[in-house]
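No lab work stands behind these numbers, since they all come straight from the coordinates. As the structure is a computational prediction, the values presented were derived from the model and not from experiment. When we count neighbours, we look across all protein chains shown, and the Cβ atoms used for this are built from the backbone with ideal geometry, even at glycine.
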Amino acid sequence: MAIVFKDVCKSYGSGPVVLRIPHLELSEGALTAVVGPSGCGKSTLLRLVASLSRPTRGEVRIGGNGARAEPPGRMGIVFQDATLLPWLDVRRNIELPLRLRGIAAPERREAAREQARRVGLGGVIDRHPAQLSGGMKMRVSLARALAADPAILLLDEPFGALDALTRDRLNEELSALQERGRWTAVFVTHSVTEAVFLADRILVFSPGPGEVAGDIAVDLPRPRRADLRETDAFHRLVTRVSGMVRNPHNTPDWGDDPR
Amino acid sequence: MKGRPLSTRAILPAAFALVVLGGWYGIVLALETPAYLLPAPHEVLAAGRAEGAALAAAAITTGSAALLGLILSAGAGFFLAVLLAASPGTHRTLYPYVLLLQTVPVVILTPILVLWLGPGLPSVTAVTFLITFFPVTSNTLEGLRSTPHSMIDLFRVYDAGRMQEMMRLRIPWALPHYLSGLRIAASLAPIGAIAGEFFAGSGGTGGGGLGYRVIVYFSRHETAALFAAGLTACGLGFAFVGAVALLARFALRHWHESAKPRD
């Protein structure tokens, strides 16, 4: 399901414009990473797609409709904190979107078990969040988003609070899941290496007001495995994106595709 | 404290009790205080033994009213909080009156309640309710209003209705707050019941509660028995708070750090 921004402007109250996107199309089945410094409107963009916030001007179309017209249950979201309900065990946490949609218990139980298995949580399905490590909590959060059978997957710095090793491993797992699922995904992150590793396309945002300052196609091969991080192509791309993030306004426009 | 055996945990409070008892005896012996002002500990014990049956019956009467009042608070205080949290409109409309009810001194309301409900259990229960519902309501309300925004966003992304949001997110989230409100209410319940009995405790079945016994002992200048009544009330309060603490520990066992496996 494609996502199209048309003449979108967002400000809060009478405050300054925090995000301005004249035109942007996120194509179906691609993972778009959004990077940039704090306060550049990355999360605002995600909230607009999720209909958690409405544009002050313009519109966000999803699969041809305005964001509000999106049929229920077709989005999955993962936040930086795992936002697990502490009173529910892992299985019930994963089931949550299905339960809210009114799906019968046997069916949602089966779906939860399947998702838990896919993210490597099969053995801890009866535990409560207090009994899990930070990385495992994020896995539950991811499994919950996938259980919603999303056409669109929104990830708001999901691995930002994790240690580097866990983060890398979860990146690899998410990449493998993405290759099978092919959801239209928007991944907000502070980490350029994470963005390059996961994305089909990277949008670099600049602050004041938040705007797309760079748009880079990531043409690294798939499937992406850990050793991709050792390649020259990967390093070149990381260097290029990092430069853009540091200095968005002084960088020449690289266009959609450097080739 | 966690993990230490009970015997070690009991030593310090027990030692402190001995120090207090020693000090008490010291004052009684050194100042030769008359028994009607400050009886010695053994005199309190003797009075407690002599009045044991009366005090036990009174504790049951007071405890029943306190328990009924607390149960009413636990239910009504909770529903009131949900109603207040349900919309800004209900909060604006009702909350000033909840505060108002809390600021009217109970000693003024008690005689009115006795006039309306008659003396005995109903009015004592009503006084207990008035004293205990506010901590339940205000704590629960705080819990309902402190649900993290990210969790509410999560529910909105999954198209949860307001009812689902309340039942599946905000109410469970407020549970620890509710239970801590209930713990405060539990410590107030026997106090409320005894205060109610000063006005309303002489009637009804079974010879009156602790509040009534206190009035009787005071009129007879039986200070040792007054102390014994005070200790009985303490015991009642401990039982109430302990019961709620146990309930809270059970209800929150999965949330708590203690649920984490240890290596």
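For B:Tyr36 and A:Asp219, what is the calculated FRET efficiency with R₀ set at 60 Å and r taken between the beta-carbons, to the nearest 0.05?
0.05
Using 5 Å bins from zero, what percent of all Cα-Cα pairs in region A:86-149 falls into each bin?
4, 22, 35, 25, 11, 3, 0
How big is the dipole moment of chain B about its Cα centre under a simple scheme where the beta carbon of each Lys and Arg is +1, that of each Asp and Glu is -1, and everything else is neutral? Debye, nearest 20, please.
Charge dipole, chain B, about its Cα centre: 740 debye, nearest 20.
Given only helices, namely DSSP H runs of n ≥ 4 each adding -39500 (n - 2.57), what is the per-residue ellipticity at 222 nm of chain A, to the nearest 500 deg cm²/dmol?
-10500 deg cm²/dmol
So if R0 is 51 Å, what FRET efficiency would A:Ser11 and A:Arg117 give, r being the distance between their Cβ atoms, rounded to the nearest 0.05?
According to the calculation, E is roughly 0.70.
Using alpha-carbon positions, what is the distance between the centroids of region A:105-155 and region B:102-128, in Å?
Here the two parts' Cα centres lie 53 Å apart.
What would the Debye equation give as log₁₀ I(q)/I(0) for region B:39-259 at q = 0.08, 0.16 Å⁻¹, counting only Cα atoms as equal point scatterers?
-0.36, -1.04
Using 1/(1 + (r/R0)^6) with R0 = 45 angstrom and r between the beta carbons of B:Val20 and B:Ile71, what's the FRET efficiency to the nearest 0.05?
FRET efficiency, B:Val20 to B:Ile71: 0.85.
Can you give the direction-averaged projected area of the convex hull of the alpha-carbon atoms in the protein assembly as shown, in nm²? Spell out each step's value before the answer.
On the way: hull surface 133.4 nm².
So the Cα hull casts an average projection of 33.4 nm².
Let me understand chain A better: what is its radius of gyration from the alpha carbons, and its Dmax, in angstrom?
18.3, 57
Among B:Ile215, B:Val107, B:Ala81, which residue has its Cα furthest toward the positive end of the charge dipole of region B:39-259, with +1 on Lys/Arg Cβ and -1 on Asp/Glu Cβ?
Among B:Ile215, B:Val107, B:Ala81, the one farthest towards the positive end of the dipole of region B:39-259 is B:Ala81.
Per-residue ellipticity at 222 nm for chain B, helices alone: DSSP H runs ≥ 4 residues times -39500 (n - 2.57), over residue total, nearest 500 deg cm²/dmol?
The helix contribution divided over chain B gives -26500 deg cm²/dmol.
Please list, in order along region A:34-44, the HN-Hα scalar couplings obtained from phi with the Karplus expression 6.51 cos²θ - 1.76 cosθ + 1.60 (θ = phi - 60°), rounded to whole Hz, x for Gly and Pro.
So the Karplus estimates, Gly and Pro as x, are 10, 10, x, x, 4, x, 9, x, 4, 6, 4 Hz.
Charges at C-beta only: +1 for Lys and Arg, -1 for Asp and Glu. How large is the resulting dipole of region B:100-199 about its Cα centre, in Debye rounded to 20?
Here region B:100-199 has a charge dipole of around 140 debye.
Quick one: give the max-minus-min coordinate of the C-alpha atoms of region A:42-143 along each principal axis, largest first, in Å.
So the extents along the principal axes, rounded to whole Å, are 47, 29, 23.
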